[in-house]
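The values are calculated or read from the model by the stated rules, or taken from the named source; none is laboratory data. Keep in mind it's a predicted model, so treat the numbers as computed, not measured. Reconstructed Cβ throughout: ideal geometry from the backbone, glycine too, with neighbour counts over all protein chains shown. We work out accessible area using only protein heavy atoms, side chains counted, and drop any ligands, DNA or RNA first. Shrake-Rupley method; radii C 1.70, N 1.55, O 1.52, S 1.80 Å.
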Amino acid sequence: MSEPCAIVVLISGNGSNLQALIDHSSEGGYSIAAVLSNKADAYGLQRARQAGIPTRVVDHREFKDRESFDERLVQEIDAFAPSLVVLAGFMRILSSAFVQHYSGKILNIHPSLLPAYRGTQTHERVLEAGEKEHGVSVHFVTEELDGGPVVLQSVVPVQADDDRDSLAARVFVQEHRIYPKAVSWFASGRLKMQDQAAFFDGTRLGVHGLRENSA
Ligand code: GRF
């Protein structure tokens with residue numbers, strides 16, 4: 001058996017996606033070498049400690065600018081020599097230097113069917129627009145915010161009586177299902193980024209990546 005792929009997970013908050021990644025790590029063929037947060041009170045840090053995973057806090061407020069914060073992040077991350085950096089609710093915009101340092105080795109999860117609804121408050125905006133479909137995307141991170149190549153999406157139908165919380169709850173179920181799956185694909189070498197595109201089993205993926213229906 002080969003060594004599991006080492007990943008470092010970056011969080012800022014609750015860490016429910018981190019929990020899903022922890023729960024699926026042995027079957028997924030990856031191991032979480034460390035969890036980093038920019039917030040000392042992020043609940044996800046407790047989840048990590050409970051699972052026996054090393055944690056680090058790098059508080060962005062202690063740095064004069066984004067670049068110096070990111071330099072420290074890189075130092076902390078590289079100390080664990082990961083093959084993949086996994087953003088799981090990490091609420092900081094990353095500098096070009098950071099993204100280039102880990103080019104093709106950073107994944108993010110975003111609660112919309114990218115390229116639609118980049119940015120925040122996606123559930124609210126989807127409801128306001130009267131969309132019939134919503135969902136979640138896992139994508140490689142590039143310098144364009146929420147703009148890197150999509151790997152995997154899960155479509156969540158919007159129901160007539162949905163409010164923000166009911167819709168978010170169904171999206172979260174899908175987040176927790178598809179993120180460990182995408183990370184395990186990367187770990188096994190099936191998923192790659194080349195020339196700003198995502199490839200699965202050698203096939204270049206389209207704008208929506210691989211798409212699944214949740215229902
Ligand atoms: C999720 O909605 C994720 O898609 C977004 O941030 C949120 C993180 O939630 N990037 P959690 O901390 O994993 O519970």
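Summary table
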read-out: Residues that are small (Gly, Ala, Ser) and more than 13 Å from the ligand (Cβ to nearest atom), drawn from the range 24-54; value: Ser25, Ser26, Gly28, Gly29, Ser31, Ala33, Ala34, Ala40, Ala51, Gly52
read-out: Filter result for Leu127 (away from the ligand (no atom under 14 Å from the Cβ) and either in contact (Cβ under 8 Å) with a residue 12 or more places away in the chain or open to solvent by less than 20 Å² (accessible area, probe 1.4 Å) (or both)); value: yes
read-out: Pairs with Cβ under 7 Å, 6+ apart, first in the range 70-83 and without any contact (Cβ under 8 Å) to a residue 40 or more places away in the chain, second part of a helix (DSSP H, G or I) and open to solvent by 50 Å² or more (accessible area, probe 1.4 Å); value: Asp70/Ala97; Val74/His101
read-out: Single condition Gln174 does not satisfy, out of (1) in a helix (DSSP H, G or I); (2) within 11 Å of the ligand (Cβ to nearest atom); (3) over 22 Å from Leu205 (Cα atoms); value: (3)
read-out: Of all residues making up the range 188-199, the number that are surrounded by fewer than 21 Cβ atoms within 10 Å (Cβ to Cβ) and either closer than 27 Å to His123 by Cβ or not hydroxyl-bearing (Ser, Thr, Tyr) (or both); value: 8
read-out: Residue within the range 96-110 that is more than 12 Å from the ligand (Cβ to nearest atom) and in contact with a His (Cβ under 7 Å, 6 or more places away or on another chain) present; value: no
read-out: Only listed residue being over 14 Å from the mean Cα position of the chain (by Cα) and open to solvent by less than 10 Å² (accessible area, probe 1.4 Å), chosen from Ile106, Ile77; value: Ile77
read-out: Unique residue being of a type in the set (A, V, I, L, M) and out of contact with any Phe, Trp or Tyr (no Cβ under 9 Å at 6 or more places or on another chain) when the list is Ala187, Ala160; value: Ala160
read-out: Cβ pairs under 6 Å, 6+ apart, first in the range 8-23 and near the ligand (Cβ under 10 Å from one of its atoms), second open to solvent by less than 10 Å² (accessible area, probe 1.4 Å) and in a strand (DSSP E or B); value: Val9/Val35; Val9/Val86; Ile11/Ser37; Leu18/Val9; Leu18/Ile11
read-out: Residues of the range 26-54 satisfying the condition of being of a type in the set (Ser, Thr, Tyr), free of Cβ contacts under 8 Å to residues at least 40 places away in the same chain and under 12 Å from Ala6 (Cα atoms); value: Ser26, Ser31
